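The values are calculated or read from the model by the stated rules, or taken from the named source; none is laboratory data. Here the structure is a predicted model, which is why all the values come from computation and not from measurement. In this analysis, Cβ positions are derived from the backbone assuming ideal geometry, glycine residues included, and neighbour counts consider all displayed protein chains. The area values use the complete protein model at the heavy-atom level, side chains included, leaving out ligands, DNA and RNA. Shrake-Rupley method; radii C 1.70, N 1.55, O 1.52, S 1.80 Å.
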Amino acid sequence: MTLVELLQALVQIPSPNPSGDTRAIAEYIAQTMAEAGCQVVTRAPEHKPDAVSVIATLGAGDPLIMLHAHIDTVPIAADEAHKWSVDPYAAVIKDGRLYGKGSVDDKAPLAAMMQTLLNAAARGSAQGTLVLVAAAEEEVGGQLGTRWLADHGHLPQCDFIVVGEQTHNRVATAHKGVMRATVRTTGKSVHATNPDRGVNAITAMARAVLALETYHQQLAQRVHPLVGVPTCNIGVIHGGSTANAVPDSCAVYLDRRMIPGEDPAEVQREMQAVIAAVAVAPAHISIGDFLVSNWFDSTVNGPLAQTFLACVGEVLNIDPQPIGYLPGSDAKHLTGVTRGEMIIFGPGSYEVAHAFDEYVDLHELEYTQRILQLFIDRTLFHG
């Protein structure tokens, strides 16, 4: 089976999340890797047994290198289905691109990683260990996928980890984190014929929105060399029920992006201070429902990382300087199982990852696999 045929087979097995049922694609991956001679186990949490992840191991001893990709995809939204020019699960190839849901996010890097293990298994006699992790649940935060695998001892300590995501085959060593929060205002509802008798929760929230916008602008003073600046975005607002009544409640939902080095506890205190300083009396205001997805940051100073950078430079004929990756990834859940360094790497762009007519450029995919293969040849086979 060729690399392209392998990717087609993966795309043709739907694995949308929700619902997050990865049993079918996990079974295909497990069978393929077992037939090649890998030691294969499948794991899933008891309270979501259909969120199956696969761990395939080849070789033994050090160094131990992990190739990680996720097997779930975003679902096809109701307003998206009619926009596709092809069947999203047919893995159609045209004009040098393979189209399909999950084709680039994240089944293209997964296919390249699987092909690398298949080639390594055929070669035999690896001087070290190569592990493939095909993880469930990434699209909904990874808590029951990679995080669960790491927390429950299912993943080994690694000397180097490659997390497959969309970087146009550049080496990314950092991504932002996210803090979600909800701001609520409460007032007093009365008939709009005499609104001054009430307390308008939306008017109070307007003051908070302006304060949060000022906070967002101030954050631009903090700059990370690879991922840029932290941000605070007001994504949703709900309030009131009808135009002829004073609204007694309003809520906004915030997305606060954190750059590497920011302490989530301190960020939470900052946001609480911003809201506490907003004058809304006689209305009341609060902020809560904090939810954190951490940032990721790594170096590339060690010999394995330097070898990987050299492989990228050689295959692509570029200066392989590290870049930042703006979306999140499962890398944040793997920091506890690496005794070395970790990178994010793969074909394509995240800009098309969750869109209709998602695709991966097959020429770029071929480069992904060539780089991975060259790296493994040089580190585990010394070729």
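Each residue of region 137-148 is assigned a 3J(HN,Hα), and the resulting list reads 6, 4, 5, 10, x, x, 5, 9, x, 4, 4, 5 Hz, derived from the Karplus form 6.51 cos²θ - 1.76 cosθ + 1.60 (θ = phi - 60°), x at Gly and Pro.
Normalising the average separation of contacting C-alpha pairs (under 8 angstrom, six or more residues apart) by the number of residues puts the relative contact order of region 104-236 at 15 percent.
Note on residue 316 and residue 255: the extension gain reaches 18.4 nm, defined as 0.36 nm multiplied by sequence separation minus the Cα-Cα distance.
Taking only the Cα atoms of region 36-87, the radius of gyration and Dmax are 17.3, 51 Å. When the accessible area of region 284-376 is computed with all protein chains present and a 1.4 Å probe, what percentage of it is carbon and sulfur? Its accessible area is 53 percent carbon and sulfur atoms. With all pairs of different C-alpha atoms in the average, the Kirkwood value for the hydrodynamic radius of region 309-383 is 14.4 Å. Atom-type composition of the exposed protein surface of region 33-105 places 51 percent of the accessible area on carbon and sulfur (1.4 angstrom probe). Ligands, DNA and RNA are left out, and with a 1.4 angstrom probe the accessible area of region 129-221 is 39 Å² per residue. Connecting C-alpha atoms closer than 10 Å in a GNM of the chain, tell me which of 15, 349, 329 has the biggest fluctuation. Looking only at 15, 349, 329, the largest GNM fluctuation is found for 349. Here the spin labels are modelled as points 7 Å beyond Cα on the Cα-Cβ line, and at residue 237 and residue 12 they lie 5.0 nm apart. With θ taken as phi - 60° and the Karplus curve 6.51 cos²θ - 1.76 cosθ + 1.60 applied, the whole-hertz 3J(HN,Hα) list for region 221-236 is 6, 9, 10, 9, x, 10, 10, x, 10, x, 9, 9, 10, 8, x, 9 Hz, x standing for glycine and proline. Carbon-plus-sulfur accessible fraction, region 181-269 (probe radius 1.4 Å, protein heavy atoms only): 51%. Inverting the pair-averaged 1/r between distinct Cα atoms of region 161-276 gives 16.4 Å as its Kirkwood hydrodynamic radius. Expressed in Å, the radius of gyration and Dmax of the Cα atoms of the chain are 23.7, 84. Using 0.36 nm per residue and subtracting the Cα-Cα separation, the extra length available between residue 81 and residue 265 on full extension is 62.2 nm. Values of log10 I(q)/I(0) for region 32-166 across q = 0.11, 0.12, 0.21 Å⁻¹ run -0.45, -0.53, -1.27, by the Debye formula with one identical scatterer at each alpha carbon and no solvent. Throw me the Rg/Rh for region 172-237, computed over C-alpha atoms with Kirkwood Rh, two decimals. Using only Cα positions, Rg/Rh for region 172-237 is 1.19. Surface calculation, 1.4 Å probe, protein heavy atoms: residue 311 sits at approximately 0 Å² accessible. From helices alone, the chain scores -9000 deg cm²/dmol at 222 nm; the rule is -39500 (n - 2.57) for each run of n ≥ 4 DSSP H residues, then divide by the residue total.
With R₀ fixed at 35 Å, the C-beta to C-beta distance from residue 47 to residue 339 puts the FRET efficiency at about 0.70. The GNM of the chain, with springs linking C-alpha atoms under 10 angstrom apart, assigns the highest mean-square fluctuation among 108, 208, 305 to 208. Between 372, 210, 254, the residue with the greatest mean-square fluctuation in the GNM of the chain (Cα pairs under 10 Å linked by springs) is 210. Please give the residues of region 349-383, grouped as numeric ranges, whose backbone N is less than 15 Å from a label point set 7 Å along the Cα-to-Cβ vector of residue 306. Those under the cut-off are 379.
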